[in-house]
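Let me begin by presenting the structure, written as C-alpha cells, before commenting on it.
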Amino acid sequence: MKTKILSWLKTPAEEETADSTQGAMPGDQPDAPSGGPVEAPPDGPQEWLHSNGQPRERQSYRNGVKDGPWEMFHANGQLRSTGNYRDGLRNGPFEVYYSNGQLRSRGTHSEDKRSGAYVSHYENGQPDSRGSFRDGNKEGLWEWFYANGQLRQKGVYRDDVLDGPLESFFESGQLKATEHYTDGKQNGPYVTYHENGQVLGRGQFWNGLPDGDYELFQKDGSLRESGTYKRGVRK
C-alpha cells in the first residue's frame, strides 16, 4: 500500500518527548489548520513531515487504529524512536535516539506498559540507568550512573517504590550513603559519609521518620553533634 504523506498537518511547536514511553504518543495527529481538509480515519502507512520537509513520523493504521511499526525522526533526519503498535497499544521492543544518532533508551512494551529490561544512556554514550519493569512499574534492582560512567545509586524496587537497600556514591566512586526502605519509606539504620571516607552521620529511621539516637561527625572524624529522635520529634 502506498504511504500517504500528510504534509498539510501542523508541526507542533514542541515535539513529543524523545522517550516514546512518556508524554504524547507516537502517531498522535496534530490538528489541521483552520479551514483545512477533513481527513477520513487513516488506514495503512501514513507519514508526517517537519516544516523543513524531513520526515517527522511514520505510522501504520488499520481502520483508524495504530497497528504496525512506527518511526519518529529528528528534524535533521536522524531516527528519533522506533517501536510497534498492535490494536492501538504499544507492544514489542522500542528504541529512542539522540539527534546525533546515539542510543538514548531501549526497552519493551507489553499492552502499552513497559515490561522487562530497560536501559538509558547519556548523549556521550555512557549508561544513565538500567533496571527492569513489570506491568509498567520498576521491579528489582535499579542502577543510576554519572555521565562519567561511575555508579551514582543502586536500589531495589517493588511495584515502583523502593523496597530494600539503597546505596549512593560520589562521582569519585566513594560510598556516600547506605539506607534501607520498606514500601517506599526509609526504615532501619542509615550511614552517610564524607567524600574522604569518614562517617558524616548515622542513625535510624522508622516509617520514614528519624527515630532513635543519631550522630554527626566532622571530616576529620570528630563528633560534631548527637541527639535522639522519637518518631520524627527531636528529644
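If the viscosity is 1.567 mPa s and the temperature 4 °C, what Stokes-Einstein diffusion coefficient in µm²/s follows for region 127-235 when Rh is the Kirkwood radius over Cα pairs? Walk me through the numbers before you get to the answer.
Numbers: Rh = 15.0 Å.
Approximately 86 µm²/s, per Stokes-Einstein.
FRET efficiency for T228 and N148, Cβ-Cβ distance as r, R0 = 41 Å, nearest 0.05?
Taking R0 as 41 Å, the efficiency between T228 and N148 is 0.55.
What net charge is computed for the residues neighbouring S226, neighbours being all others with C-beta under 9 Å from the C-beta of S226, Lys and Arg scored +1, Asp and Glu -1?
On the way: positive: R224; negative: D213, E215, E225.
Residues close to S226 contribute a combined charge of -2.
Just to check I understand the Karplus step: with θ = phi - 60° and J = 6.51 cos²θ - 1.76 cosθ + 1.60, what whole-Hz values come out for region 68-78, glycine and proline as x?
Working through the residues one at a time gives x, x, 10, 9, 10, 10, 6, 5, 7, x, 5 Hz.
What is the ratio of the Cα radius of gyration of region 73-188 to 2.2 N^0.38 Å, where N is its residue count, to two decimals?
Numbers: Rg = 16.3 Å, N = 116, 2.2 N^0.38 = 13.4 Å.
Scaled against compact globular proteins, the figure is 1.21.
No value in this document is a laboratory result; all are computed from the given coordinates. From a predicted model like this one, the values you see are computed outputs, not experimental measurements. As a convention, Cβ positions derive from the backbone with ideal geometry for all residues, glycine included, and neighbour counts pool all protein chains shown.
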